[in-house]
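These notes are about the structure you will find just below.
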Amino acid sequence: MVQRLYPGAMTASEATQRLLAFARGRFGLEPKQIVLADSICGDDLNEEQYPAEAHQMVGPFRLGGLNGFPFTGLTGMGALSHHVPKGGAVTIFYGPHIGVRRQGAGAVLRPGQKTASACCGAAQAALGKLDKLKPGKPSTLDYQMGTIEQILLKEKSRIQGAKVPIMEATDVMFEAITKRIQLLVDRTDFQGAPVVLMGGILINGDHPHGSFTQIKAVDIVDTKTGQCSNWLDRYLTFC
């Protein structure tokens with residue numbers, strides 16, 4: 001089902017191995033010279049499936065909150081900029097997540113449970129309230145959820161008109177996260193260290209089948225000039 005809904009999806013381990021090989025080939029750097037940050041949901045499924053290869057790098061430094069939106073903002077990105085090894089580089093993996101099982105998208109069977117539950121739960125909850133939501137500022141008592149609701153509300157007709165609304169909502173979140181990550185990087189001083197932005201959809205499968213990733217964007221930011229270049233095709237074909 002994963003390959004049918006997300007053609008080209010690879011395992012989380014393969015995506016990380018490919019990233020390391022890509023960094024070696026592009027920058028001539030070893031893993032210990034690269035600081036890894038992520039902006040993904042704090043769901044335990046994402047943490048449990050974090051591949052061992054990722055821990056060869058410095059980090060991971062957490063930027064994300066519910067469904068992967070970079071809620072740590074400029075303060076978090078600024079802190080990250082001070083963690084880069086001398087002469088090294090930054091990689092930021094970002095994106096929302098979604099559960100996919102044989103029955104379809106939007107739920108997953110978690111460890112120790114007998115019935116499937118929503119994934120991403122925040123996205124599913126916001127989706128279920130779209131008809132009742134109104135534009136406004138998120139409550140400070142539930143700021144992250146309120147932000148997700150407002151992001152999806154702006155694309156209400158697009159989401160509700162889609163064949164699989166939860167997949168469309170996940171795409172909307174990916175676009176919002178991408179835009180925010182790019183803005184934060186643009187406004188942060190990385191002191192010349194190159195920044196690799198790798199974005200995608202993190203796909204959680206039923207326990208114990210693990211996670212997959214649909215890579216949708218790979219960009220390299222030259223922080224000395226501010227120039228951003230698209231490297232997605234080269235990443236996908238890099239061995």
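The values are calculated or read from the model by the stated rules, or taken from the named source; none is laboratory data. Just so it is clear, the structure is predicted and the values come from calculations on it, not from any experiment. Cβ coordinates were reconstructed from backbone atoms using ideal geometry, including for glycine residues, and neighbour counts include every protein chain displayed. To get the accessible areas, we keep the full protein, side chains included, count just its heavy atoms, and leave off ligands, DNA and RNA. Shrake-Rupley method; radii C 1.70, N 1.55, O 1.52, S 1.80 Å.
Some points to look at:
- Cα centroid separation, segment 110-158 to segment 18-93 (Å): 26
- By accessible area, using a 1.4 Å probe on protein heavy atoms only, the chain has 51% of its surface on carbon and sulfur.
- To the nearest 10, the accessible area of GLU175 is 90 Å² with a 1.4 Å probe.
- Selection of trypsin sites (Lys or Arg not before Pro), segment 146-182, meeting DSSP coil and at most 16 other Cβ within 10 Å: LYS154, LYS163
- Helices in the chain that qualify as membrane-span-like (whole DSSP H runs, Cα extent of at least 20 Å along the helix axis, mean Kyte-Doolittle hydropathy of -0.5 or higher) are 12-27, 165-186.
- In terms of distances greater than 30 angstrom between alpha carbons, the cross-link table entries LYS114/LYS163; LYS132/LYS163; LYS32/LYS114; LYS132/LYS179; LYS32/LYS224; LYS114/LYS156 yield LYS32/LYS114; LYS114/LYS156.
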